[in-house]
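Visitor: Could you have a look at this structure, given as structure tokens, before my questions?
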Amino acid sequence: MSRTDIDTDPDGEQPPPEDDRAFLGHPKGLLTLSGLEVWERFSFLGMQAILVLYFAAAVSDGGLGMSPGTAASVSAAYGTLVYLVSVAGGWLADRVLGSYRAVLWGGILIACGHYAMAVPTAAMTWVGLGLISAGTGLLKPNVATMVGKLYRTDDDRRDAGFALYYMAINIGAFAGPLITGWLADHQGYHWGFSAAAIGMTFGLVQYVAGRRHLAGRKHAAEFALAPDALRRAVRLMVAGAVVVAVAATVLALAGWLTIDRFVDALTLISVVAPVVYFWVMFTSPRVTAEERGRLRPYVVLFLASVVFNFILFQAYSTMILLASTNARTTLLGFDFPASWYASALGAFEVALAPVVAAVWARMGHRQPHVSNKIAFGVILGGLSFLLMVLPTSGHADDAYRMAAWWIVGSYLLLGLGDVLLETSGMSATSKLAPKAFSSQTMSLWFLSLALANGIQAQTVKLYDDVSKPLYFGVNGAVAVAAGLVVIALAPWLRRTMHPVH
């Protein structure tokens, strides 16, 4: 096999040989990266499962005393910031840090952020969220890149390896809310944040311990800037950070930079960023006419992702708020925290991902087109909200408690929709992106998540002002309608996306 037939690391490192099958038939490095993701998702989603409850809880109960709508809005704004920073994180890994160091420093920042949130003061909460946003932006887009470097281009184990990696993500998503939710309910919110900090620390330890099994562990970035350009970039980044920090401080002291205005600013950025990104690609002379033709259907898929993730991210905001006020938290005589409902989503995705993969493999060429898979995912997301109209209708007060199975059923629909959309969407992104922008496709996908959170940060403010059946009904109906539009566009999408199936 020639050197051009394999993926190589920028430092000249090659992926492990095909006889490296130490972890379930896969390279040992997959265990290291999957283990890191288990703990990163444990900490991130464990914290997020109790974050909106912490914001909404009374100060006397250890919370920040926000209204439910404001709490959900700030939680969504935090998600917006995380995914916006991920775009910069991908660039820093490619041009400055290299993937190994980007993930390492990202993990360190995340751990420091969770430890900061463990300190029971409001100021440290905001410091912690800032550190976690920056760290997740460095870590999240680059771990998947490192998974790909474990395999040669023609290695048949690649797709199965990503499936194992995806399952690891959801193991952490399942376990995190169980631990942090119990601690928050029995010991206090900051104990839950402490558990997230310890979990991320475990992830860092095993990541560093297993670094010898990873490609990309040396310092060089794949498309490293020249020394002069690097110095200019560092000076520009430092100066920009100082200017933003000073401006934010001055505006806050002057009383202009309120939480609501900060949320509005993030929403505006989340809208502008993908518009600019698509405009650059459509107008770039490096993009061929054929590639530009495939970008048009991708805009439809991008918007479908926005609609679905607008619903998905509310699993950790409005759905948790609904569970805390209007759902029973007793099952078979066992009392559990409302935040435990969030674990159901991770559990369903762990269980459903291999089933869906097996179904597609069995169907072979008869499986639905990628656009229809994405459309089905969006529709399932909408149905998960429409389902909540039934148990919330006809009950004017908050004394009513719906059975646990309503929330669990909603998360089942949402989990299946996520499996369908995420796996198909990522595949379509990599295949439809112009070659000149191939290394930035992950950034573009993260912008759809940022935009979903940015829109959510505005709409969840209505959670306090309208009835619950109306809130969940309208949001769910919009998602179902969007999925049906994508299905109606299927003939055009199939034609313009060719040869993507």
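Visitor: Test each condition in (1) in contact (Cβ under 8 Å) with a residue 40 or more places away in the chain; (2) of a type in the set (A, V, I, L, M); (3) open to solvent by less than 40 Å² (accessible area, probe 1.4 Å) for Leu178 and report the one that comes out false.
Guide: So Leu178 meets the others, but not (3).
Visitor: Checking the conditions here, which among Ala144, Ala175 is more than 30 Å from Gly62 (Cβ to Cβ), among the hydrophobic types (A, V, I, L, M, F, W, C) and either under 19 Å from the mean Cα position of the chain (by Cα) or part of a helix (DSSP H, G or I) (or both)?
Guide: Values: Ala175 fails: more than 30 Å from Gly62 (Cβ to Cβ).
Selected residue: Ala144, the only one of Ala144, Ala175 that is more than 30 Å from Gly62 (Cβ to Cβ), among the hydrophobic types (A, V, I, L, M, F, W, C) and either under 19 Å from the mean Cα position of the chain (by Cα) or part of a helix (DSSP H, G or I) (or both).
Visitor: Can you go through Ala452, Ala375 and tell me which one is over 19 Å from Gln314 (Cβ atoms), open to solvent by less than 10 Å² (accessible area, probe 1.4 Å), assigned to a helix (DSSP H, G or I) and modelled with pLDDT of 90 or more? Steps first, answer last, please.
Guide: Values: Ala452 fails: over 19 Å from Gln314 (Cβ atoms).
The conditions single out Ala375.
Visitor: Here is a further query. For the stretch 327-344: of the residues being open to solvent by less than 10 Å² (accessible area, probe 1.4 Å) and of a type in the set (A, V, I, L, M, F, W, C), which is nearest to Ser393 (Cα to Cα)?
Guide: Ala327
Visitor: Still on this model: Residue by residue through the stretch 359-368, note down the ones that are of a type in the set (A, V, I, L, M, F, W, C) and either open to solvent by 60 Å² or more (accessible area, probe 1.4 Å) or more than 26 Å from the chain's Cα centre (by Cα) (or both). Step through it out loud before you land on a result.
Guide: Going through the stretch 359-368, the residues of a type in the set (A, V, I, L, M, F, W, C) turn out to be 359-361, 363.
Selection gives Val359, Ala361, Met363.
Visitor: Quick one: what pairs do we get from the stretch 279-305, first residue under 14 Å from Val370 (Cα atoms) and assigned to a helix (DSSP H, G or I), second among the small types (Gly, Ala, Ser) and open to solvent by 10 Å² or more (accessible area, probe 1.4 Å), C-beta under 7 Å, 6+ apart or different chains?
Guide: As it stands, the answer is Ala304/Ala482, since those pairs meet every condition given.
Visitor: A follow-up question, please. For the structure I just gave you, tell me whether Leu33 is in contact (Cβ under 8 Å) with a residue 24 or more places away in the chain, open to solvent by 10 Å² or more (accessible area, probe 1.4 Å) and of a type in the set (A, V, I, L, M). Break it down into steps so the answer makes sense when it comes.
Guide: Values: in contact (Cβ under 8 Å) with a residue 24 or more places away in the chain: yes; open to solvent by 10 Å² or more (accessible area, probe 1.4 Å): no; of a type in the set (A, V, I, L, M): yes.
No, not satisfied.
Visitor: Now, a different point. Among the candidates Tyr151, Tyr115, which residue alone is among the aromatic types (Phe, Trp, Tyr), crowded, with 19+ Cβ neighbours inside 10 Å and modelled with pLDDT under 85? Even if it seems obvious, please write down each step before you answer.
Guide: Details: Tyr115 fails: modelled with pLDDT under 85.
Within the list Tyr151, Tyr115, the selection yields Tyr151.
Visitor: A further question on this structure: Could you check the stretch 97-112 and list, in sequence order, the residues that are at pLDDT 90 or above and of a type in the set (Gly, Ala, Ser)?
Guide: Gly106, Gly107, Ala111
Visitor: Sticking with this one: When the residues of the stretch 455-484 are narrowed to those that are in a helix (DSSP H, G or I) and without any contact (Cβ under 8 Å) to a residue 12 or more places away in the chain, which ends up surrounded by the most Cβ atoms within 10 Å (Cβ to Cβ)? Even if it seems obvious, please write down each step before you answer.
Guide: Residues of the stretch 455-484 in a helix (DSSP H, G or I): 455-464, 468-484.
Going one step further and asking which of them are without any contact (Cβ under 8 Å) to a residue 12 or more places away in the chain, we end up with 470, 474.
Numbers: Leu470: 14, Val474: 16.
Result: Val474.
Visitor: Which count do you get for residues in the stretch 485-501 that are assigned to a loop (DSSP other than H, G, I, E, B) and either more than 20 Å from Ala304 (Cβ to Cβ) or modelled with pLDDT of 90 or more (or both)?
Guide: Applying the first criterion (assigned to a loop (DSSP other than H, G, I, E, B)) to the stretch 485-501 yields 489, 497-501.
Now restrict to residues that are either more than 20 Å from Ala304 (Cβ to Cβ) or modelled with pLDDT of 90 or more (or both): 489, 499.
The qualifying residues number 2.
The values are calculated or read from the model by the stated rules, or taken from the named source; none is laboratory data. Everything numeric here is computed off the predicted structure, so don't read it as measured data. Counting neighbours? That spans all protein chains shown, and the Cβs are built from the backbone with ideal geometry, glycine included. Side chains included, ligands, DNA and RNA excluded: accessible areas come from the protein's heavy atoms. Shrake-Rupley method; radii C 1.70, N 1.55, O 1.52, S 1.80 Å.
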